[in-house]
Amino acid sequence: MRILAIDTATSSCSVALWWDGTVVSARKEKMSRGQAEALGPMIHNVLEEARVMAKDLDLLAVTVGPGAFTGLRIGLATARGIALAAHIPCLGLTTTEVIAHGVKASVWQQGTLLVALDSKRKDIYVQAFQIGLEPIKEACAIDPAILGEWLLSVPGPFYVVGDARLQATSALVEAGHEPIVIESPEYPDGSVLAELASQRWTRGDILKAPLPLYLRPPDAKLPKDGGRLRS
């Protein structure tokens, strides 16, 4: 089975090709913007290196959020476009679960894993996982100041990962906890996304087109009177 995985949801761009249990080609680059220009060449290079064409793929996997509005649209539109053109299914997975699955088991063996992502606003995106990587809470956008309260009934110690880990750690210290920082992964990795997709999808499964996971409304507002000229 061949799976092409794409992530542009946060401040990075990542592409990987998984083939029968092995990632045979991958590209990953940290970037806060420019994913629209970088993604196409990355996909081309990954497929060319593996000597695979889009029509040879069995599945497309893409992150659906939480993340940046523009980044999510870039990844989803590209993945769905390739899937439609190649007549293959497309599976969406969250950024938080992909990051959680990228944490090495040796650095987290008790308590709760907290994935914290930068939203480019005052709040941060967070999701908590228990041992076995089952979610304890749904992903949400939260003010770091109330993070300790949000985790009130969740067992510690707290292991914090993601590109907003320092904000989350500071908030937990303020709340009286002693969190443990996990340095990586900061962002979703296409290789982890592809591996996780291989576990979630079986050949023949019918998938609906993935939709973006938005945790707060967009900053853009509809103009007054629908943009019509005033009389």
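Tell me which of these residue 73 doesn't satisfy, since it passes every other one: (1) under 30 Å from residue 148 (Cβ atoms); (2) open to solvent by 20 Å² or more (accessible area, probe 1.4 Å).
Single failed check for residue 73: (1).
Look through the range 140-183, keep the residues that are of a type outside the set (A, V, I, L, M) and touching a residue at least 60 places away in the same chain (Cβ under 8 Å), and return whichever of them is surrounded by the fewest Cβ atoms within 10 Å (Cβ to Cβ).
140
Quick one: in the range 140-159, of everything that is in contact with a Leu (Cβ under 6 Å, 6 or more places away or on another chain) and of a type in the set (Phe, Trp, Tyr), which residue is nearest to residue 178 (Cα to Cα)?
Among residues in the range 140-159 that are in contact with a Leu (Cβ under 6 Å, 6 or more places away or on another chain) and of a type in the set (Phe, Trp, Tyr), the one nearest to residue 178 (Cα to Cα) is 158.
Please verify whether residue 125 is assigned to a loop (DSSP other than H, G, I, E, B), at pLDDT 95 or above and open to solvent by less than 40 Å² (accessible area, probe 1.4 Å), treating the condition exactly as stated.
Answer is no for this residue.
How many residues are assigned to a loop (DSSP other than H, G, I, E, B), touching a Leu at 6+ places or on another chain (Cβ under 7 Å) and over 17 Å from residue 127 (Cβ atoms) if we restrict to the range 176-206?
The number of residues fulfilling the criteria is 1.
For a quick check of your reading of the model, give me the residue pairs whose first member lies in the range 77-102 and is touching a residue at least 60 places away in the same chain (Cβ under 8 Å), whose second is of a type in the set (Val, Ile, Thr) and assigned to a helix (DSSP H, G or I), with beta-carbon atoms closer than 9 Å and at least 6 apart or on different chains.
78/43; 82/43; 90/82; 98/192; 99/192; 101/192; 102/192
Starting from residues that are out of contact with any Cys (no Cβ under 7 Å at 6 or more places or on another chain) and free of Cβ contacts under 8 Å to residues at least 60 places away in the same chain, keep the ones in the range 28-40 and report whichever is most open to solvent (accessible area, probe 1.4 Å).
33
Can you pull out the residues in the range 184-215 that are open to solvent by 40 Å² or more (accessible area, probe 1.4 Å) and under 15 Å from residue 117 (Cα atoms)? Working first, answer last.
Start the filter on the range 184-215 by keeping residues that are open to solvent by 40 Å² or more (accessible area, probe 1.4 Å), which leaves 184, 186, 189, 195, 199-200, 202-209, 211-215.
Scanning the range 184-215 gives 184, 186, 189, 213, 214, 215.
Of 64, 23, which residue is within 21 Å of residue 164 (Cβ to Cβ), touching a residue at least 40 places away in the same chain (Cβ under 8 Å) and of a type in the set (A, V, I, L, M, F, W, C)?
It is 64.
For residue 131, state whether it is over 29 Å from residue 168 (Cβ atoms), in a loop (DSSP other than H, G, I, E, B) and not acidic (Asp, Glu).
no
Restricting to the range 52-72, name every residue that is among the small types (Gly, Ala, Ser) and within 11 Å of residue 4 (Cα to Cα).
Residues satisfying the conditions are 54, 61.
The values are calculated or read from the model by the stated rules, or taken from the named source; none is laboratory data. Computed from a predicted structure; not experimentally measured. Don't worry about glycine lacking a Cβ; one is built from the backbone with ideal geometry, like all the others, and counts go over all protein chains shown. In case anyone asks, the SASA skips ligands and DNA or RNA and just uses the protein heavy atoms, side chains included. Shrake-Rupley method; radii C 1.70, N 1.55, O 1.52, S 1.80 Å.
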